[in-house]
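J.: Let me begin by handing over the structure; questions about it come next.
Readers should treat all values here as calculations from the given coordinates under stated rules, not as data from a laboratory. Since the model is a prediction, treat every value here as computed from it, not as a measurement. Reconstructed Cβ throughout: ideal geometry from the backbone, glycine too, with neighbour counts over all protein chains shown.
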Amino acid sequence: MAATVDPSVYKDAAVVLATAGVIVPFAKSFKINSVVAFMACGALLGPFGLGGLVSSIPLLSTITVSSPEALAGPAELGVAFLLFVIGLELSFERLKTMRRLVFGLGLGQIVLSAAAIGGVAYALGQPATAALIIGFGLALSSTAMVVELLSAKRRMTSSAGRASFAVLISQDIAVVPLLFLVSVLGAQGGGGSLLAGLVQALLQAFAAIAVIVLVGGRALRPLFRLVASTDSSESFMAATLLIALGTGMIAAAAGLSMGLGAFIAGLLLAETEYRRAIEVTIEPFKSLLIGVFFLTVGMGVNPAEIAAHPYAILGIAVGLFAAKSLLVYALARLLKLSKATALETAIMLGPGGEFAFVLLSGAVAAKLLEQAPASLVLASVSLTMIALPLLARLARSLARTLAVPVALPEEAQILPPDDHTARAIVVGGGRVGQLVGSMLEEHRQPYIVIDADPMLIAAQRRAGRPAFYGDATRPDFLRLCGVMEATTLIVTIDNPRAVDAIVTAARDLRPDLVIVARARDADHARHLYKIGVNDAVPETIEASLQLSEAALVGLGVPMGFVIASIHERRDGFRALLKPSDGAAPALPRHTGSRRL
């Protein structure tokens, strides 16, 4: 007979899974950042929130975390996996390409911010070692939040996105020696020369790195080659987790942090052909375990302590943001970045980050820093991180205000023809727009291409295509492009908001205009039909239909039957997505709109 299961053993795990699987997605539906959601749940369910009321209301024990210490292990794994993925991203080629920003802007920001913040901490009475750790801990920004915010707005490739990412890379690299430093100084008990501690940290780091690099450099590639040859995704996943966890345990056994070993393993694997597959494999585990880390961070937030020292915490938060932002802005301008780029980068990197909790908590555990000042500082860091999504919006708004008009290439200064000729207008000169243009040329249909990327337009014109620079969301520019005489408007860009704005502007100008638009998915296509497109092409549905067509033909089904079946299924999807009143008529099949 099976032993009786004690539900309390799994209660904390159930709370974590409920947070990650239910509460965080619910919060994201309201545009709340997932990191903020994890921290808020930690504060609510932790010992200083509802968990503190369990003695009075025992029923609350079922939905709160009774022992935050029990989550310390998974939280540390989350940090290790985060550093492992950072190591995967830090290939030597990427560092070489971004070296000016990584080692100029990034390294300068770390050193100057640490010196300024540490100097203030020392002036306020902290010992030199504690002030140093506080300075470096607060000099770091939140890689998890900044990257997520930039990616969500598709700004990773913008000037500010590249500059922010370069500084974050530099900060992530700096985390490793800083973790060494805390470990070694903790082993010294806070005594001895600070310089001697630094030298010992570097020597110990070098020894640990040498062992892992020598062994890993010889073993990792053959190991993954063997695992990949089995064609087993389970074995590949197990090997990935083993390497990340195993190297972390080796580093921990040497008296260093688990994150160190995981970071080095990521660096070694970044140079192999298995890098991308490993990133995909580790992503779900990394996200969940990092969520656990931020959950434990939230559990350490004591509202009573914040209420007892509100002005001190607010002052530290404001001072931290102001000092880092000013330093980043000054360094960015010194490196010839534009005012708009420098300002947006400075605001994004001004708040504190998750590694402040790692460094300061480690310093407290090693008795290098008192608990009281650490709690005040970490509460202030939490406040700046919670404010980061709002600060990101402010940064984009101010950057747009300061943006200097783009210096257009000569080819992009040519205006669209004012000949009142009926032609198709293709919005978007990327790969999809180029394919649409080539199909229109093949069928001898006159058209022009418009796009807001001047370099792309210049390249298209040099290739002999009728491409013109401009913002298609502006009704006056659509008029200039001949929308009043156009035969059709084909929107191929992949920005849903811009697509909506273009469709709305064109429909207001020409209620009878045939509009075909690219949609992100079925929900976006349904929305486009409601605002007036004649035909919407969802990327997800069209890709699945084309994959099905290729698979059926490959299985030997006659081509004619396959094409008929695919067309029938496509028409079925269109009927489901369109409004029930049929206000937007479908295009005839011969227009070729199905293959945008």
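J.: Summarise the long-distance tail of P(r) for the stretch 410-595 by giving the % of C-alpha pairs beyond 27 Å.
T.: Working: 4908 of 17205 pairs.
Taking all Cα-Cα pairs of the stretch 410-595, the fraction more than 27 Å apart is 29 percent.
J.: Distance cut-off 27 Å, Cα to Cα: go down the list Lys153/Lys336; Lys31/Lys530; Lys153/Lys339; Lys28/Lys336 and report the pairs above it.
T.: Working: Lys153/Lys336 25 Å; Lys31/Lys530 23 Å; Lys153/Lys339 20 Å; Lys28/Lys336 37 Å.
From the list (Lys153/Lys336; Lys31/Lys530; Lys153/Lys339; Lys28/Lys336), the Cα-Cα distance tops 27 Å for Lys28/Lys336.
J.: While we're looking at this one, here's another question. Suppose the chain between Leu241 and Lys31 were pulled fully straight at 0.36 nm per residue; how much longer would it get relative to their current alpha carbon spacing?
T.: Working: separation 210, 0.36 × 210 = 75.60 nm, distance 3.17 nm.
Extending this stretch completely gives an extra 72.4 nm.
J.: For a quick check: sort Thr345, Thr64, Thr19 by the number of other beta carbons within 10 angstrom, fewest at the front.
T.: Working: Thr345 31, Thr64 21, Thr19 24.
By the 10 Å Cβ count, ascending, the order reads Thr64, Thr19, Thr345.
J.: Working from the alpha-carbon coordinates of the stretch 251-333, get Rg over Rh, Rh being the Kirkwood radius.
T.: Values: Rg = 19.3 Å, Rh = 17.0 Å.
Using Cα coordinates only, the ratio equals 1.14.
J.: Same structure again: Residue-wise, which Karplus ³J(HN,Hα) couplings in Hz belong to the stretch 432-439, taking 6.51 cos²θ - 1.76 cosθ + 1.60, θ = phi - 60°, and x for glycine or proline?
T.: 5, x, 5, 5, 4, x, 5, 5
J.: Starting from the 7 Å offset along Cα-to-Cβ, what nm value, one decimal, do you get for the label separation of Leu509 and Ala128?
T.: The answer from the label model is 6.9 nm.
J.: Working out 0.36 nm times the residue gap between Ile414 and Ala501, then minus their Cα-Cα distance, what length gain in nm do you get to one decimal? Mind dumping the intermediate values first?
T.: On the way: separation 87, 0.36 × 87 = 31.32 nm, distance 2.41 nm.
Contour length minus the Cα-Cα distance gives 28.9 nm.
J.: Let me ask another. Please sort by residue number the GluC sites (Glu not before Pro) in the stretch 281-382 whose DSSP state is loop and whose Cβ has at most 16 other Cβ atoms within 10 Å.
T.: Working: sites: Glu305, Glu344, Glu354, Glu370; in loops: Glu370.
Passing sites in the stretch 281-382 are Glu370.
J.: Related question: Semi-axes of the stretch 486-528's equivalent ellipsoid from the Cα gyration tensor, sqrt of 5 times each eigenvalue, largest first, rounded to whole Å?
T.: On the way: eigenvalues 62, 19, 18 Å².
Each semi-axis is √(5λ); the values are 18, 10, 9 Å.
J.: How long is the gain from Arg400 to Ala372 if the chain were fully straight, where each residue apart is worth 0.36 nm and the alpha carbon distance is subtracted? Could you put the intermediate results ahead of the total?
T.: Values: separation 28, 0.36 × 28 = 10.08 nm, distance 4.15 nm.
Fully extending the segment from Arg400 to Ala372 adds 5.9 nm.
J.: How large is the Kirkwood hydrodynamic radius of the stretch 12-401, counting all unique pairs of alpha carbons, in Å? Don't jump to the answer; show the numbers that get you there.
T.: Values: mean 1/r = 0.0465 Å⁻¹.
Hydrodynamic radius (Kirkwood, Cα pairs) of the stretch 12-401 is 21.5 Å.
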